[in-house]
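Below you'll find the structure, written out as C-alpha cells, and then a few comments.
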2 protein chains.
Amino acid sequence: MARALAPAQIDVSADLIRAAGVKVTRGRVRVLDALHSARQPLSHAELEARLGDPAEPAMDRVTLYRILDSLVACGLALKAVDTRGVFRFSAAGAQRQHANHVHFRCTDCGGVFCLKAEPPPPPRLPRGFRLNEVAFDLRGTCAGCSLREGA
Amino acid sequence: MARALAPAQIDVSADLIRAAGVKVTRGRVRVLDALHSARQPLSHAELEARLGDPAEPAMDRVTLYRILDSLVACGLALKAVDTRGVFRFSAAGAQRQHANHVHFRCTDCGGVFCLKAEPPPPPRLPRGFRLNEVAFDLRGTCAGCSLREGA
DNA sequence: CCCGCAAATGCAACAAGGTTGCGTTTACAG
DNA sequence: CTGTAAACGCAACCTTGTTGCATTTGCGGG
C-alpha cells in the first residue's frame, strides 16, 4: 500500500500526460502524481499543501488551478463538488472503485460508508437513454451519530 | 399555475414560521414565500434578485444569508450545494415529492429526469444505522444528448 | 397600552475559493 | 538550434459566504 517513491511512478504520470496529448510539465506530473497517491479526492488547498512539502519552488496558486483544469479537460482527472461547495479532484479511474457500490451518507456527520451489498438492477429506461453508472445512495444517521443523539 | 397574489399565501408562510417557534418578520415571510413559489431550489443571488422586484427596501445581503440559515435551522428550508459549488435553498416539503423517486441524471446536459419506477428495497444496514431516505440515481446520457452526440 | 429584552437587521469589513489579463518562460516540433 | 504555441508566475479582481458590532423590532409580560 505504502509504495516507495520510485522514479518509475513519475514516469507513469508523465506517460499518461503525454498520451493525453498535452505538454508534459513538472507541475502537471507532480499534481497528477499527488492525485494518484491520494486515497480521496483532494481540494485545491489540500493539493497546494501537499505540493509545498518538498523543497520545490511551491507552485503558484493560479497555476495549480490551471493544471487541474487541464487535467480535467484531457480526461486525466475528475472534478466534483463536496458538501461545503468546494471543488475536489481525483485521478481518473480512481473513482471507478466506488462506482456501483451502495453508499450510506450520514446526514449528521457527513460521513460516507460503503456497504457490501450490490446495487439492484436498474429499471427499464425510456428509449434513447444510455446508462453509464448507477448510484444507490441511502441517507440517514450513522451508528455513531445515532448514539450521540439518543444520549 | 400563475396564482393570484392573494394575501392568504403570506399568512401561510407566517403561520409556518410562527409554528416553527421563531419570530415572524417581514424578511422571513418574504423569503419563505419566494421559496414556496419557486419550482427549483434557489441560490442566494437568485433570491436577492427576486426580492428586489417590488418597491421593498431590498433586504441586506447578509440578512438574507441569516434568514436562510434560520429557516434551515428550524426545518422550514433545505440547503444543498449545486454542481458549481453554490448553495441552493428550497422550501421544506417541496422536495418530498422527489424523495423515493428513481432519478436519471444526464452527465451531458445536467438535466434530471424522474422515472416512474419504484426504488428497490434498501439492503440490510449495519447495526445502529437509521435510514431516512433512499436515492436511486442513474447517470448517463439522456435521449436528446445521445442524439446530438451520435450526429 | 407601554416596556424591556432577546432576537433580528443593517453596515462594514473580512476570508476563502476561484477567475482574468498580461508579460515571461519553457516544452517540443521542425 | 531555433521559433512558437502552450504553460507559468504575478497581480488584481470577482463571487460566495462569514464575523463583529451598533441599531431596530417582534412580542411576551406588566
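The values are calculated or read from the model by the stated rules, or taken from the named source; none is laboratory data. All figures in this text were calculated on a predicted structure; none of them were measured in a lab. Because the Cβ atoms are built from the backbone with ideal geometry, glycine has one as well, and the counts that use them run over all protein chains shown. Note: areas computed on protein heavy atoms with side chains; ligands, DNA, RNA excluded. Shrake-Rupley method; radii C 1.70, N 1.55, O 1.52, S 1.80 Å.
Quick check on my filter: what residues within region B:74-96 are open to solvent by 60 Å² or more (accessible area, probe 1.4 Å) and either modelled with pLDDT under 95 or near DNA strand C (Cβ under 9 Å from one of its atoms) (or both)?
Step one: of region B:74-96, the residues open to solvent by 60 Å² or more (accessible area, probe 1.4 Å) are B:78-79, B:83-84, B:87, B:96.
Residues satisfying the conditions are B:L78, B:K79, B:T83, B:R84, B:R96.
Considering only residues of region B:48-65 that are assigned to a helix (DSSP H, G or I), within 13 Å of DNA strand C (Cβ to nearest atom) and touching a helix residue (DSSP H, G or I) at 6+ places or on another chain (Cβ under 9 Å), which is nearest to A:R84 (Cα to Cα)? So, considering only residues that are assigned to a helix (DSSP H, G or I), within 13 Å of DNA strand C (Cβ to nearest atom) and touching a helix residue (DSSP H, G or I) at 6+ places or on another chain (Cβ under 9 Å), the one nearest to A:R84 (Cα to Cα) is B:Y65. The set of residues in region B:126-146 that are open to solvent by less than 60 Å² (accessible area, probe 1.4 Å) and either in a strand (DSSP E or B) or more than 7 Å from chain A (Cβ to nearest Cβ) (or both) comprises B:V134, B:A135, B:F136, B:D137, B:L138, B:G140, B:T141, B:G144, B:C145.
Scanning region B:19-47 for residues that are buried (at least 17 other Cβ atoms within 10 Å of the Cβ), of a type in the set (A, V, I, L, M, F, W, C) and within 12 Å of DNA strand C (Cβ to nearest atom) gives B:A20, B:V29, B:V31, B:L32. Total residues in region B:35-72 satisfying the condition of being within 10 Å of DNA strand D (Cβ to nearest atom) and either of a type in the set (F, W, Y) or at positive phi (or both): the figure is 1.
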